[in-house]
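Below is one structure, written out as structure tokens, with a few remarks after it.
Where a number appears in this text, it was derived from the coordinates with a stated rule and is not lab data. All figures in this text were calculated on a predicted structure; none of them were measured in a lab. Note that we place each Cβ from the backbone using ideal geometry, even for glycine, and neighbour counts take in every protein chain shown.
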Amino acid sequence: MIFDRTGFSVLKGEPRVYKARPTSGGSFFCEVCGVHVFSQPDSNPGLIAIKVGSLDDRSDFKVHADIWLKSAPPWHRPYKDARQVEGNLSS
């Protein structure tokens, strides 16, 4: 799930970060279990990408856009009624 980064904060713990390169926004993981919790897109530092699988309750989650379709595996099927984007979403 992609949101505006304004107002986002980690309430408990200190996530571990992996940066593919020094200027990378980074991927953040739970310091205890290692689950990927969120990332900061390199191309738009004003956004935050929360990993849906990290939520306690994701029953209200609905896909609004399929991104990076140009590099999707051949078995991927776009979600019905979702916006189709070849690369990153723009802000």
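Test of understanding: given the chain, find the longest segment containing no chymotrypsin sites (Phe, Trp or Tyr not before Pro) that are in a DSSP loop and have at most 11 other Cβ atoms within 10 Å. Show your work: numbers first, answer last.
Numbers: sites that count: Phe61, Trp75.
After excluding every exposed loop site, the longest remaining stretch is 1-60.
Cα convex hull of the chain: mean projected area in nm², to one decimal?
The orientation-averaged projected area of the Cα hull of the chain comes to 7.2 nm².
Please list, ordered by chain and number, the residues whose modelled amide H lies under 5 Å from the amide H of Ala65; skip anything fewer than 5 residues away on the same chain.
The list, which skips near neighbours in sequence, is Arg83.
Give me the percent relative contact order of the stretch 1-53, please, defined on Cα pairs under 8 angstrom at least 6 residues apart.
36 percent
Using the Karplus curve 6.51 cos²θ - 1.76 cosθ + 1.60 with θ = phi - 60°, what ³J(HN,Hα) values do you get for each residue of the stretch 47-57, in whole Hz, with x for Gly and Pro?
10, 10, 10, 8, 7, 4, x, 8, 7, 5, 10
Could you name the lysines whose alpha carbon sits less than 19 Å from that of Lys19, not counting residues in the same chain fewer than 8 places away?
Straight-distance partners of Lys19: Lys51.
Given contacts defined as C-alpha pairs under 8 Å and at least six residues apart, what's the relative contact order of the chain, whole-number percent?
It rounds to 21 percent for the chain.
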